[in-house]
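What follows draws every value from the coordinates through simple rules; no lab data is involved. Small disclaimer: the values here were computed from a predicted structure and weren't measured. Positions of Cβ are backbone-derived with ideal geometry, glycine not excepted, and every protein chain shown enters the neighbour counts.
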Amino acid sequence: MGQRLRKRISNILLRVTVVSSICFGLLPFYYNKQQQRFVSSKPLLIYKTCINVTFFILMTFLLSLFIEFDDAFGAGDPLAELLNRLTIYISFGDVLITWWINWTSRQRLQQLFNEFASIEIDYLYRYKYFTDECATFDYYVFWKVFATLLQNLSFFYSTTVTNNHGWLFIIFMFLLALLTNIIFHVSTHFFLAVLFTYRFIWVLNRRLASMAGNEVSSSRLRVLSIEIDNIAYIYTRLIRLCAHYTRIHQYQLLLLFGSMTLCNIEVLFYVRLLWSGKVNELNAFNVFAILQIVVVNILDFWLTITICEQALVTSQKTVEILRGFNENPKYLIDVERSLEGFAIICSNTKLRFNLCGLFDINHSSGLNFLLTMILYLIYLIQYYHENL
């Protein structure tokens, strides 16, 4: 795929994400090209209030309907039904918390968007050729949109194995998918914030590497010192921004990871019931319809884990690039002082994605989540083996 086409598609997908977030009442602000910043709008704020009230009434209606439904998969097992209800209730709780945090943190969220836009305009716009070369950024945008699309298709495809195909149940599933997309959009907001952080640090590293690998005349050494100080300042802003948007999204992400883990345990438990012969009417096609839920959930979950790991690894390379300046001849005292100050910043301030002080989002915690899911499934099967 050509660079220009790749950038155009990713920019379109980013705009669609922002517009759809506004439609769901998650972002009561828009980007003003003249001011080059995100500005709030009273009509959008009124719309956000109305759409949130509508969704709250809708969720109350869905909960009243859900109580009347039996086990949709027809397993006839009380533990499977309990897992199903827990998954739905946690998802509803995630939606409620998302609404509350988005309402109380709307100004902080707007400041966050403006800070990213400010970094883009103030510094990175001068190195647009580096930004365009960052193909990983565009490919991760493609993968995230693809995973969100799969989540929606998986949601509706899984209804093909249910025993209840009445109009009321179909309306219930459609409205539930609508509410679930609120959670998907919040997850996408965090994903994109991490992705932009990764791209900013990647561009800073490329610029530092180009400065370290080129000979600099004595007349430009002072300019070099000023630019290193600017890069260190941008790097510090990114670390602060990372902590800021992680605090905003930490509760939604924690509930999202919990509901996904519980959903996977529930689906795998249904498959175990199928193998036990307790659900005779299900065939191989239905087994695939159930198992694909786990595959899509893990794909979406692992994308978030991977981009966080990618950002962490990229930030760790900054120190290695700074060491490359030692291979060049002696610089002026100002340049050496700037390099030393930047190195101290990198050693004292680390990029972290910590959720509620419980764990950091990286490959290690992602694997722990998957292992926890498997261990709880084994525990349920062992504890409940007499009924299987």
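How do Val335, Val319 line up, fewest other C-beta atoms within 10 Å first?
Val319, Val335
Using Cβ contacts closer than 10 Å as the measure, can you line up Glu320, Glu120, Glu309, Glu336 from fewest to most?
Ordered from fewest to most neighbouring Cβ atoms within 10 Å, Glu320, Glu120, Glu309, Glu336 come out as Glu320, Glu336, Glu120, Glu309.
What order, most packed first, do the peptides 344-351, 94-101, 193-200 have when packing is the mean number of other Cβ atoms within 10 Å of each residue?
Per-residue mean Cβ counts within 10 Å order the peptides as 193-200, 94-101, 344-351.
At a 10 Å Cβ-Cβ cut-off, how would you order Trp202, Trp103, fewest neighbours first?
Trp103, Trp202
Would you mind computing, in nm to one decimal, how far apart the modelled labels at Thr136 and Asn230 are, each placed 7 Å from Cα along Cα→Cβ?
In this crude label model, Thr136 to Asn230 measures out at 2.4 nm.
Mind ordering 48-55, 294-301 by average Cβ neighbours within 10 Å, highest first?
294-301, 48-55
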